[in-house]
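Here the structure is laid out as C-alpha coordinates; the discussion comes afterwards.
The values are calculated or read from the model by the stated rules, or taken from the named source; none is laboratory data. Here the structure is a predicted model, which means the values were calculated and not measured. Methodologically, a virtual Cβ is constructed for each residue, glycine included, from the backbone with ideal geometry; neighbour enumeration extends over all protein chains shown.
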Amino acid sequence: MSKYVIGVDGGGTHTKSILVRDDGQVLGTIASGAANFQQLGVEGVKKVCQDILTEMGKKFYLSATQIACWGVGLAGAGREHDRRIVVETIEALGFAGRVIVQSDAYVALIGAFLGKPGIVLICGTGSMSIGMNQKGEIARTGGWGYLLGDEGSGYDIGRRALVAALKDFDQRGSRTRLRSKLERYFGIATIDQIIPKIYSKEIGKDQIAALAPIVFETASEGDLVAANIIDTVIVDMASLILSVAKKLGFHEETPLVVACSGSVFNQKDVLFPKLSAQVATVYPNVSISQPRFEPVVGAAIMALEKIGIQPTEDVLDNLSRFNK
(Lines give C-alpha, C1' and ligand atoms only; values in the text may rest on other atoms or scores of the structure.)
Protein backbone atom coordinates (compact mmCIF):
# COMPACT_ATOMS: atom_id res chain seq x y z
CA MET A 1 0.00 0.00 0.00
CA SER A 2 1.28 3.45 -0.91
CA LYS A 3 2.34 5.92 1.74
CA TYR A 4 1.66 9.64 1.57
CA VAL A 5 3.48 12.65 2.96
CA ILE A 6 2.67 16.34 3.08
CA GLY A 7 5.32 18.93 2.36
CA VAL A 8 4.66 22.47 3.61
CA ASP A 9 6.52 25.68 2.87
CA GLY A 10 5.03 28.25 5.24
CA GLY A 11 6.26 31.77 4.63
CA GLY A 12 5.56 35.23 5.91
CA THR A 13 3.16 36.00 3.06
CA HIS A 14 1.79 32.71 1.79
CA THR A 15 1.94 28.95 2.34
CA LYS A 16 2.29 26.20 -0.25
CA SER A 17 1.60 22.55 0.51
CA ILE A 18 1.92 19.43 -1.62
CA LEU A 19 0.69 15.86 -1.20
CA VAL A 20 3.33 13.37 -2.32
CA ARG A 21 3.16 9.61 -2.78
CA ASP A 22 6.10 7.50 -1.66
CA ASP A 23 7.37 7.19 -5.26
CA GLY A 24 7.73 10.98 -5.53
CA GLN A 25 4.54 11.57 -7.48
CA VAL A 26 3.02 14.91 -6.52
CA LEU A 27 -0.72 14.38 -6.35
CA GLY A 28 -1.73 17.97 -5.77
CA THR A 29 -1.07 21.34 -4.21
CA ILE A 30 -2.82 23.68 -1.81
CA ALA A 31 -2.18 27.41 -1.46
CA SER A 32 -3.05 29.30 1.71
CA GLY A 33 -2.09 32.41 3.68
CA ALA A 34 0.85 33.37 5.86
CA ALA A 35 2.29 30.88 8.35
CA ASN A 36 5.02 32.78 10.19
CA PHE A 37 5.09 31.25 13.67
CA GLN A 38 6.32 34.44 15.33
CA GLN A 39 3.50 36.46 13.79
CA LEU A 40 0.63 33.97 14.07
CA GLY A 41 1.47 32.10 17.27
CA VAL A 42 0.24 28.62 18.16
CA GLU A 43 -3.41 29.16 17.32
CA GLY A 44 -2.65 30.77 13.99
CA VAL A 45 -0.35 27.96 12.89
CA LYS A 46 -2.87 25.40 14.14
CA LYS A 47 -5.53 26.93 11.90
CA VAL A 48 -3.20 26.90 8.89
CA CYS A 49 -2.44 23.19 9.42
CA GLN A 50 -6.09 22.35 10.03
CA ASP A 51 -7.04 24.12 6.80
CA ILE A 52 -4.41 22.13 4.91
CA LEU A 53 -5.81 18.87 6.28
CA THR A 54 -9.36 19.90 5.45
CA GLU A 55 -8.45 20.78 1.86
CA MET A 56 -6.45 17.56 1.45
CA GLY A 57 -9.50 15.63 2.62
CA LYS A 58 -11.79 17.40 0.17
CA LYS A 59 -9.45 17.03 -2.80
CA PHE A 60 -7.98 13.58 -2.21
CA TYR A 61 -10.29 11.90 0.30
CA LEU A 62 -7.46 11.36 2.76
CA SER A 63 -7.81 11.69 6.52
CA ALA A 64 -5.15 12.80 8.98
CA THR A 65 -4.48 9.17 9.94
CA GLN A 66 -3.54 8.28 6.34
CA ILE A 67 -0.63 10.72 6.18
CA ALA A 68 2.64 8.99 7.07
CA CYS A 69 4.57 12.19 7.70
CA TRP A 70 4.36 15.97 7.64
CA GLY A 71 7.50 17.77 6.50
CA VAL A 72 7.07 21.41 7.46
CA GLY A 73 9.30 24.37 6.73
CA LEU A 74 7.98 27.32 8.70
CA ALA A 75 9.00 30.95 8.82
CA GLY A 76 9.77 32.02 12.37
CA ALA A 77 10.53 28.46 13.50
CA GLY A 78 14.30 28.64 13.62
CA ARG A 79 14.52 27.75 17.30
CA GLU A 80 14.22 24.20 18.62
CA HIS A 81 11.69 25.24 21.27
CA ASP A 82 9.41 26.78 18.64
CA ARG A 83 9.70 23.75 16.36
CA ARG A 84 8.70 21.46 19.23
CA ILE A 85 5.56 23.52 19.79
CA VAL A 86 4.64 23.27 16.10
CA VAL A 87 5.16 19.48 16.16
CA GLU A 88 2.84 19.18 19.15
CA THR A 89 0.29 21.43 17.45
CA ILE A 90 0.15 19.21 14.35
CA GLU A 91 0.05 16.02 16.42
CA ALA A 92 -2.96 17.44 18.31
CA LEU A 93 -4.96 17.51 15.07
CA GLY A 94 -5.42 13.74 15.25
CA PHE A 95 -2.42 13.02 13.10
CA ALA A 96 -1.06 9.49 13.64
CA GLY A 97 2.16 9.69 11.61
CA ARG A 98 5.46 11.45 12.07
CA VAL A 99 6.08 15.18 12.06
CA ILE A 100 9.32 16.98 11.26
CA VAL A 101 9.52 20.76 11.47
CA GLN A 102 12.36 23.01 10.35
CA SER A 103 12.64 26.63 9.31
CA ASP A 104 11.49 27.67 5.85
CA ALA A 105 15.12 28.48 5.08
CA TYR A 106 16.22 24.93 5.91
CA VAL A 107 13.75 23.31 3.49
CA ALA A 108 14.89 25.78 0.83
CA LEU A 109 18.44 24.50 1.41
CA ILE A 110 17.30 20.87 1.09
CA GLY A 111 15.36 21.64 -2.07
CA ALA A 112 18.29 23.45 -3.61
CA PHE A 113 21.12 21.01 -2.91
CA LEU A 114 19.60 17.78 -1.54
CA GLY A 115 21.90 17.81 1.47
CA LYS A 116 25.06 18.74 -0.44
CA PRO A 117 27.20 21.83 0.29
CA GLY A 118 25.98 25.17 -0.98
CA ILE A 119 24.39 28.47 -0.05
CA VAL A 120 20.82 29.59 -0.59
CA LEU A 121 19.89 33.27 -0.76
CA ILE A 122 16.19 33.88 -0.15
CA CYS A 123 14.72 37.23 -1.15
CA GLY A 124 10.94 37.39 -1.09
CA THR A 125 8.95 39.72 1.13
CA GLY A 126 11.88 39.31 3.55
CA SER A 127 15.44 38.08 3.10
CA MET A 128 18.06 35.79 4.58
CA SER A 129 20.79 33.36 3.59
CA ILE A 130 21.55 29.83 4.76
CA GLY A 131 24.25 27.35 3.80
CA MET A 132 25.87 24.00 4.50
CA ASN A 133 29.53 22.98 4.20
CA GLN A 134 31.22 19.63 3.57
CA LYS A 135 31.07 18.78 7.28
CA GLY A 136 27.29 19.20 7.33
CA GLU A 137 27.59 22.36 9.42
CA ILE A 138 24.83 24.90 8.84
CA ALA A 139 25.04 28.67 9.15
CA ARG A 140 22.57 31.44 8.46
CA THR A 141 22.57 35.20 8.19
CA GLY A 142 19.75 37.75 8.19
CA GLY A 143 16.09 36.97 8.58
CA TRP A 144 15.62 39.70 11.19
CA GLY A 145 12.35 41.00 9.75
CA TYR A 146 11.41 44.24 8.03
CA LEU A 147 12.00 46.45 11.07
CA LEU A 148 15.56 45.29 11.72
CA GLY A 149 16.81 43.80 8.47
CA ASP A 150 15.49 42.12 5.30
CA GLU A 151 18.06 43.86 3.12
CA GLY A 152 17.64 42.96 -0.53
CA SER A 153 14.07 41.83 -0.04
CA GLY A 154 10.99 42.90 -1.94
CA TYR A 155 10.04 45.04 1.05
CA ASP A 156 13.46 46.68 1.08
CA ILE A 157 13.23 47.49 -2.63
CA GLY A 158 9.69 48.83 -2.29
CA ARG A 159 10.52 50.94 0.75
CA ARG A 160 13.52 52.46 -1.03
CA ALA A 161 11.27 53.33 -3.97
CA LEU A 162 8.82 55.13 -1.69
CA VAL A 163 11.63 57.04 0.01
CA ALA A 164 13.06 58.07 -3.38
CA ALA A 165 9.65 59.26 -4.57
CA LEU A 166 9.11 61.29 -1.38
CA LYS A 167 12.55 62.87 -1.68
CA ASP A 168 11.71 63.82 -5.26
CA PHE A 169 8.48 65.39 -3.98
CA ASP A 170 10.46 67.33 -1.34
CA GLN A 171 12.98 68.47 -3.97
CA ARG A 172 15.79 67.05 -1.83
CA GLY A 173 16.49 64.08 -4.05
CA SER A 174 16.94 63.33 -7.72
CA ARG A 175 13.91 63.36 -9.98
CA THR A 176 12.60 59.89 -10.71
CA ARG A 177 9.79 58.28 -12.67
CA LEU A 178 9.12 56.19 -9.59
CA ARG A 179 7.19 59.12 -8.14
CA SER A 180 4.56 59.31 -10.91
CA LYS A 181 4.36 55.53 -11.22
CA LEU A 182 3.70 55.07 -7.52
CA GLU A 183 1.12 57.85 -7.54
CA ARG A 184 -0.74 56.05 -10.33
CA TYR A 185 -0.31 52.67 -8.66
CA PHE A 186 -1.90 53.82 -5.42
CA GLY A 187 -4.43 56.14 -7.06
CA ILE A 188 -3.25 59.28 -5.28
CA ALA A 189 -2.72 62.80 -6.59
CA THR A 190 0.66 63.35 -4.96
CA ILE A 191 3.04 60.89 -3.34
CA ASP A 192 2.85 62.57 0.08
CA GLN A 193 -0.74 61.27 0.34
CA ILE A 194 0.77 57.83 0.89
CA ILE A 195 1.95 58.77 4.39
CA PRO A 196 -1.30 58.26 6.36
CA LYS A 197 -2.00 55.05 4.45
CA ILE A 198 1.34 53.61 5.54
CA TYR A 199 1.27 54.68 9.17
CA SER A 200 -2.33 53.55 9.60
CA LYS A 201 -1.19 50.21 8.09
CA GLU A 202 -3.79 50.48 5.33
CA ILE A 203 -0.72 49.74 3.22
CA GLY A 204 1.33 47.03 4.90
CA LYS A 205 4.67 45.38 4.30
CA ASP A 206 3.28 42.93 1.75
CA GLN A 207 1.90 45.76 -0.38
CA ILE A 208 5.21 47.61 -0.11
CA ALA A 209 7.10 44.45 -1.13
CA ALA A 210 4.80 44.17 -4.16
CA LEU A 211 6.30 47.42 -5.50
CA ALA A 212 9.61 45.72 -6.37
CA PRO A 213 8.64 44.89 -9.99
CA ILE A 214 7.89 48.58 -10.59
CA VAL A 215 11.45 49.43 -9.56
CA PHE A 216 12.91 46.91 -12.00
CA GLU A 217 10.63 48.14 -14.78
CA THR A 218 11.58 51.76 -14.12
CA ALA A 219 15.29 50.92 -14.04
CA SER A 220 14.97 49.18 -17.41
CA GLU A 221 13.61 52.46 -18.81
CA GLY A 222 16.82 54.25 -17.87
CA ASP A 223 15.77 55.82 -14.58
CA LEU A 224 18.99 56.34 -12.62
CA VAL A 225 17.33 56.42 -9.20
CA ALA A 226 15.63 53.06 -9.75
CA ALA A 227 18.86 51.62 -11.15
CA ASN A 228 20.74 52.82 -8.07
CA ILE A 229 18.21 51.08 -5.81
CA ILE A 230 18.87 47.80 -7.60
CA ASP A 231 22.64 48.25 -7.42
CA THR A 232 22.38 48.99 -3.70
CA VAL A 233 20.33 45.91 -2.87
CA ILE A 234 22.68 43.73 -4.92
CA VAL A 235 25.50 44.76 -2.58
CA ASP A 236 23.28 43.81 0.36
CA MET A 237 22.39 40.46 -1.23
CA ALA A 238 26.07 39.71 -1.78
CA SER A 239 26.85 40.52 1.85
CA LEU A 240 24.31 37.92 2.99
CA ILE A 241 26.00 35.29 0.83
CA LEU A 242 29.51 36.28 1.88
CA SER A 243 28.59 36.23 5.56
CA VAL A 244 27.38 32.63 5.35
CA ALA A 245 30.42 31.60 3.31
CA LYS A 246 32.70 33.09 5.96
CA LYS A 247 30.85 31.38 8.82
CA LEU A 248 31.12 28.02 7.06
CA GLY A 249 34.82 28.41 6.36
CA PHE A 250 34.64 28.31 2.57
CA HIS A 251 38.05 29.15 1.13
CA GLU A 252 38.13 31.97 -1.39
CA GLU A 253 39.74 29.87 -4.11
CA THR A 254 37.23 27.00 -3.91
CA PRO A 255 34.03 26.88 -6.01
CA LEU A 256 31.08 28.54 -4.29
CA VAL A 257 27.66 27.26 -5.34
CA VAL A 258 24.74 29.60 -4.68
CA ALA A 259 21.04 29.11 -5.37
CA CYS A 260 18.66 32.07 -5.26
CA SER A 261 15.05 31.65 -4.20
CA GLY A 262 12.12 34.00 -3.67
CA SER A 263 9.91 36.35 -5.66
CA VAL A 264 12.59 39.02 -6.11
CA PHE A 265 14.49 36.57 -8.32
CA ASN A 266 11.71 36.62 -10.86
CA GLN A 267 14.11 39.29 -12.13
CA LYS A 268 16.97 36.79 -12.32
CA ASP A 269 18.11 37.97 -15.77
CA VAL A 270 18.91 41.35 -14.24
CA LEU A 271 20.10 40.18 -10.84
CA PHE A 272 22.17 37.04 -11.47
CA PRO A 273 24.97 38.64 -13.58
CA LYS A 274 25.36 41.61 -11.24
CA LEU A 275 25.14 39.51 -8.08
CA SER A 276 27.65 37.04 -9.47
CA ALA A 277 30.08 39.86 -10.26
CA GLN A 278 29.70 41.28 -6.74
CA VAL A 279 30.32 37.95 -4.99
CA ALA A 280 33.19 37.17 -7.39
CA THR A 281 35.21 40.02 -5.89
CA VAL A 282 35.77 37.63 -2.97
CA TYR A 283 34.93 34.21 -4.45
CA PRO A 284 35.99 34.29 -8.11
CA ASN A 285 34.73 30.74 -8.70
CA VAL A 286 31.14 31.47 -7.74
CA SER A 287 28.19 30.06 -9.67
CA ILE A 288 24.69 31.41 -9.13
CA SER A 289 21.54 29.70 -10.33
CA GLN A 290 18.02 28.76 -9.38
CA PRO A 291 17.49 25.91 -6.88
CA ARG A 292 17.02 22.39 -8.21
CA PHE A 293 13.69 22.19 -6.35
CA GLU A 294 11.53 24.82 -4.73
CA PRO A 295 11.32 24.82 -0.92
CA VAL A 296 8.01 22.95 -0.67
CA VAL A 297 9.63 20.02 -2.47
CA GLY A 298 12.51 20.21 -0.01
CA ALA A 299 9.94 19.85 2.77
CA ALA A 300 8.44 16.79 1.08
CA ILE A 301 11.90 15.21 0.61
CA MET A 302 12.52 15.78 4.31
CA ALA A 303 9.25 13.94 5.10
CA LEU A 304 10.03 11.06 2.74
CA GLU A 305 13.44 10.56 4.35
CA LYS A 306 11.80 10.60 7.79
CA ILE A 307 9.76 7.51 6.85
CA GLY A 308 12.77 5.75 5.34
CA ILE A 309 12.34 6.62 1.66
CA GLN A 310 15.53 7.91 0.09
CA PRO A 311 15.40 10.39 -2.80
CA THR A 312 16.54 8.01 -5.53
CA GLU A 313 16.78 9.23 -9.11
CA ASP A 314 13.34 7.77 -9.87
CA VAL A 315 11.82 9.65 -6.92
CA LEU A 316 13.63 12.86 -7.89
CA ASP A 317 12.53 12.47 -11.49
CA ASN A 318 8.90 12.29 -10.38
CA LEU A 319 9.37 15.33 -8.16
CA SER A 320 11.02 17.18 -11.05
CA ARG A 321 7.86 16.88 -13.12
CA PHE A 322 6.04 18.92 -10.51
CA ASN A 323 8.89 21.40 -10.25
CA LYS A 324 8.77 22.31 -13.95
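Numbers below:
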| item | result |
| --- | --- |
| Residue that is nearest to residue 136 (Cα to Cα) [pool: residues in segment 68-117 that are in contact with a helix residue (DSSP H, G or I) (Cβ under 8 Å, 6 or more places away or on another chain) and acidic (Asp, Glu)] | 104 |
| Leading residue by the ranking (surrounded by the fewest Cβ atoms within 10 Å (Cβ to Cβ)) among those in segment 285-302 that are hydrophobic (A, V, I, L, M, F, W, C) and under 14 Å from the mean Cα position of the chain (by Cα) | 293 |
| Candidate set: segment 4-21, residues that are crowded, with 18+ Cβ neighbours inside 10 Å and charged (D, E, K, R); chosen: the one farthest from residue 69 (Cα to Cα) | 16 |
| Number of the exception - residue 103 against (1) outside the structural domain of residue 249 (by TED's automatic domain parsing); (2) in contact with a Cys (Cβ under 9 Å, 6 or more places away or on another chain); (3) among the polar types (S, T, N, Q) | (2) |
| Some residue of segment 72-80 being part of a helix (DSSP H, G or I) and either more than 28 Å from residue 24 (Cβ to Cβ) or among the hydrophobic types (A, V, I, L, M, F, W, C) (or both) | yes |
| Matching option when the condition is surrounded by fewer than 22 Cβ atoms within 10 Å (Cβ to Cβ), touching a Phe, Trp or Tyr at 6+ places or on another chain (Cβ under 8 Å) and aliphatic (A, V, I, L, M), among 100, 130, 188 | 100 |
| Members of segment 145-197 found to be within 17 Å of residue 221 (Cα to Cα) and outside any helix (DSSP H, G or I), listed by number | 174, 175, 176 |
| Residues located in segment 1-25, provided they are assigned to a strand (DSSP E or B) and basic (Lys, Arg) | 16, 21 |
